[in-house]
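The values are calculated or read from the model by the stated rules, or taken from the named source; none is laboratory data. What you see is a predicted model, and the numbers here were worked out from it, not measured in a lab. Cβ: placed from backbone, ideal geometry, glycine included. Neighbour counts: every protein chain shown. With ligands, DNA and RNA removed, areas are computed over all heavy atoms of the protein, side chains included. Shrake-Rupley method; radii C 1.70, N 1.55, O 1.52, S 1.80 Å.
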Amino acid sequence: MKKETVCAVVVTYNRKELLIECLDGLLRQTRPIDAIYIIDNASTDNTPEFLKEKGFIQELPPKNLTKSWEKEFEIKNLTDGQPIKLRYIRMHENTGGAGGFHEGVKRAYEKGYDWLWLMDDDAEPYENALQLLKDY
C-alpha cells in the first residue's frame, strides 16, 4: 500500500521569528511530512534573507517582483534525516490569509499531495501532531 503524502502549507507575513518556530515544529514531526509550502505574502521584515540565513532557502527572490516568485529547495527532516521538499513562494503583493492559502492549496493540489495541512506562521505544532491527526 502506498504511503499517503502530506504537504504543510504555511502562510506568513512579517513574522519571520514565528515562522522559523513553525518550520522547526514541522521538521520534528514523528510522522514526517513530505513537503512544506511557504507562502510569503510580500513581507517587509526581510523574511527571505532570514530564511536564507537559517538554511531553509539557498536563493533569494528578486527585489522588485511584478508577479509571484517560486523556487523549490530541499531540507532535512529533524526526526529521521529524510529529505523534505520546501517550496518558497514569494508573493508580489499581500493577498491576505485567504489569498495566501488559495495560492498554497492550488500549488500543492496540482502537485498531487494526498493531504494538505494548513497553518499560519504562528502555529507551532507538537512533534506528534500529525501522527495524531492522521487517524482522523
(message) For the pair N64/H92, report the inter-label distance in nm, with labels modelled 7 Å from Cα in the Cβ direction.
(response) 1.2
(message) Probe radius 1.4 Å, ligands and nucleic acids left out: which of Y37, Y13 has the largest accessible area, and how do the rest follow?
(response) Y13, Y37
(message) Below 8 Å, C-alpha to C-alpha, sequence gap of six or more: please give me the relative contact order for the stretch 1-55 in percent.
(response) 49
(message) Calculate log10 I(q)/I(0) of the chain for q = 0.15 Å⁻¹, where I(q) comes from the Debye formula with a single equal point scatterer on each Cα and nothing for solvent.
(response) -0.66
(message) Please list, ordered by chain and number, the residues whose modelled amide H lies under 5 Å from the amide H of R87; skip anything fewer than 5 residues away on the same chain.
(response) I36, Y37, I38, F73
(request) Mind scanning K52/K111; K16/K111; K71/K111; K54/K76; K85/K106; K3/K85 and naming the pairs with a C-alpha gap bigger than 19 Å? (result) K52/K111; K16/K111
(request) Rounded to the nearest Å, what's the spacing between the alpha carbon centres of the stretch 56-88 and the stretch 93-112? Just the number, please. (result) 15
(request) State the Kirkwood hydrodynamic radius of the stretch 25-73 in Å, one decimal place, computed from all pairs of distinct Cα atoms. (result) 12.5
(message) Using the crude model of +1 on Lys and Arg Cβ and -1 on Asp and Glu Cβ, and no other charge, please compute the dipole size for the stretch 1-54 relative to its Cα centre, in debye to 20.
(response) 300
(message) Cα atoms only: what Rg and Dmax, in Å, come out for the stretch 71-126?
(response) 12.8, 36
(message) Expected output is a single nm value to one decimal: the length gained when fully extending between E4 and Q131, i.e. 0.36 nm times separation in residues minus the C-alpha distance. What is it?
(response) 44.5 nm
(message) Could you work out how much longer the chain between E74 and E49 gets when fully extended? Use 0.36 nm per residue separation minus the Cα distance between them, nm to one decimal.
(response) 7.3 nm
(message) Using the Cα centre of the stretch 12-130 as the reference point, and only Cβ charges (+1 on K/R, -1 on D/E), how large is the resulting charge dipole? Debye, rounded to the nearest 20.
(response) 360
